[in-house]
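Report on the following structure.
The values are calculated or read from the model by the stated rules, or taken from the named source; none is laboratory data. Treat the numbers as computed from the prediction; the structure is a model and nothing was measured. FYI the Cβ positions are ideal-geometry reconstructions off the backbone, even for glycines, and counts take in every protein chain you see. Side chains included, ligands, DNA and RNA excluded: accessible areas come from the protein's heavy atoms. Shrake-Rupley method; radii C 1.70, N 1.55, O 1.52, S 1.80 Å.
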Amino acid sequence: MKTCKNLLTNIFPYVLLLMMTAIALYFTRPVSLQIRWNDETLYYTVAQNIVRHFDFNSNHYLASSIIQKGYPTKDTHLPGYPLILAVGFLIGGINERTPFFVNYFLLILTIFLIFTVGRFIANQWVGFGASLIYLIYPYTLILTHSVMTEISAAAVIMVVVALLFVQKESFLKGIFLGLVIALAYLIKPFLLTLFPASIAVLWIEKNQHYKKTLLSLLFSFGLLFVTVLIPLSQNQEIYPYAATIILSQSNLTDMLRMIWENFLFNCTLIINFKKFSVYGTITISMLVLWSINLAVLATASYQKKLQEWQKYTNLSIFSLINFLSALLAFLLLYQYINATRGLAVFSPLMAILSVTGLWLLTPQLKIKKVVAIGLSICLYLSYSNFVTFHLLRQTQQRQYQRLSTNSSRLEKVISKLPIQPQVVMSEKNLYLAIANYPTQVIWQLPQTLHELREVEKKVRVELIELKDSDPIFQENLQVYQNLNLLNNRYILQYQDQNFYYYLRLDK
């Protein structure tokens, strides 16, 4: 009887968390489970290629990348998330609904792990509060209802944290840490910081048998890095990120100048809350949660309680190493408005640290003040979540409309052709590779006829869709004075208002 009671006591919090998460997902569900954002199409087709052919190459290409890198290439994103989706496809079938259920499972896993780690560091109330903070954090629900990498990255981070802080030291622990950190790198390359952060925590704690964990971690991750991570990181598509442009500079002075200019530009974005309200509310959310953590660390240092609060201190060190490294990389090499989504992967850590921090400060602030602060944070995060969710949902709907329109327009043309083209060139038509799989799409057009010829040296393009405003269309008209032929290699097959469809001549 006592065993049953203990089992029920241990299981009940997880059942309650599951119900809470399910209710939140139900009330924020989209109208239909369909691909809505550009990047979602990339992850989906790579995952489909993995399941069908165990092929990591992409079905989406940029003309500029084909010219520089060749064809075929892997997607610019590493295949960690597509590998997870591929497992989902094997279980639930290849369809647009499956990735959403994969994300729902990953969200629940993350919630459970947050509770487990919070209970281990403090108590179950801290674990429950941290789970709630993560659930209402801006980005969590909207990204769960999207086929994006952040939810899977957050889940993998929490697996690393649970292994690192909850499990006892052993060879097996180090091997599992190496495997999970390798997967984290394949999902988000900047999560390679999990490796040095984990080593730092193991070295600081120096628990019994920590050397076993450390050595097996070094061995397993080193082996995976050489045999798996490096090969999968090769032959990737070149995408014109700010980082790609900056790091491609041959002159160190130019590179440093561009890094500084990018940093100043990002600083202007951060403070321009009125223009970028979504990113402003998310930035404030991060500042609020991190300010609690820093206040606790300052208090612990002043009162000489760092050793007494060792678990919290070590988790803070682990979290700050990862977060600050990623933040610095984003500020210097990327655009902050895009980076805020990447930084959302650390929100489970922020949630645990902030709630645990408030609990540790209870003797100094008294319970009423702690509860008041906690409720204020929850209210602000709820408001921020509401604003962010609805603005991003509207963005999703607009982008879905464009994806659907671009794809259906070209699908109608393809259905009338005497052949089924394998490679199609169509500006920003990313959904076609899903709707008409295994069709491959060059979704960034060459700007000139010369670039088109360079693309043709690498890949046979069978159908090209052009608008009369495209530079290559205008150049072709100027050079050949003929709408019916494109570069003397493609013949006009159909015209739909200002769209022209050219089929490759067999010669």
For a protection proxy built on the mean count of beta-carbon atoms within 10 angstrom, sort 170-177, 327-334 highest first, please.
170-177, 327-334
For the peptides 30-39, 150-159, 120-129, what is the packing order when you average, over each peptide's residues, the other Cβ atoms within 10 Å and list the highest mean first?
150-159, 120-129, 30-39
Charge dipole magnitude, Cβ of K and R +1, D and E -1 - the range 149-233, Cα centre, debye nearest 20
220 debye
Cβ-based net charge around T448, under 12 Å, with every Lys or Arg adding one and every Asp or Glu removing one:
-3
Nearest 500 deg cm²/dmol is fine: what mean residue ellipticity at 222 nm does the chain get from its DSSP H runs of n ≥ 4 alone, each adding -39,500 (n - 2.57), divided by its residue count?
-22500 deg cm²/dmol
Any idea what the dipole of the range 453-507 comes to, in debye rounded to 20, about its Cα centre with Lys/Arg Cβ at +1 and Asp/Glu Cβ at -1?
300 debye
Of W309, L392, L202, whose Cα points farthest to the positive end of the dipole of the chain (charges on the beta-carbon: +1 Lys, Arg; -1 Asp, Glu; origin at the Cα centre)?
W309
Tally Lys/Arg at +1 and Asp/Glu at -1 over every other residue whose Cβ is under 11 Å from the Cβ of T439; what's the total?
-2
Among (1) 25.4, 90; (2) 24.8, 80; (3) 28.1, 88, which one is Rg and Dmax of the Cα atoms in Å computed from these coordinates?
(1)
The chain, accessible surface, carbon-and-sulfur percent (1.4 angstrom probe):
64 percent
Counting Lys and Arg as +1 and Asp and Glu as -1, each charge on the Cβ, what is the dipole of the range 351-465 about the Cα centre in debye, to the nearest 20?
520 debye
Within straight cross-link reach of K305, meaning Cα distance under 18 Å, which aspartates and glutamates are found once same-chain residues fewer than 8 apart are removed?
E205
Long-range HN-HN contacts of I442 with modeled amide H, under 5 Å:
Y61, V424, M425, S426
Nearest 5 percent is fine: what portion of the DSSP beta bridges confined to the chain is antiparallel?
60 percent
With N57 itself left out, Lys, Arg at +1 and Asp, Glu at -1 over residues whose Cβ is under 11 Å from its Cβ give -2
Grab the Cα-Cα distance for E411 and D496, subtract it from 0.36 nm times how many residues apart they are, and report the gain in nm with one decimal.
29.3 nm
Which is farthest toward the positive dipole end of the range 462-507 among N488, Q474, L463, measuring Cα position about the Cα centre, with Cβ charges +1 (Lys, Arg) and -1 (Asp, Glu)?
N488
Using a 7 Å offset from the Cα along the Cα-to-Cβ direction at both E261 and S248, what is the distance between the two label points in nm, to one decimal?
1.5 nm
Using +1 at the C-beta of Lys and Arg and -1 at the C-beta of Asp and Glu, which of V226, I136, A153 has the Cα lying farthest in the positive direction of the dipole of the chain?
I136
If you count only protein heavy atoms with a 1.4 Å probe, what accessible area per residue comes out for the range 398-476, rounded to a whole Å²?
44 Å²
Helix 150-165 versus the longest principal axis of the chain: what angle, 0 to 90°, nearest 10, using Cα atoms?
30 degrees
How long is the gain from V166 to F386 if the chain were fully straight, where each residue apart is worth 0.36 nm and the alpha carbon distance is subtracted?
75.8 nm
Among the aspartates and glutamates, which fall within straight-line cross-link reach of K212, defined as a Cα-Cα distance under 18 Å, with same-chain neighbours fewer than 8 residues apart omitted?
E169
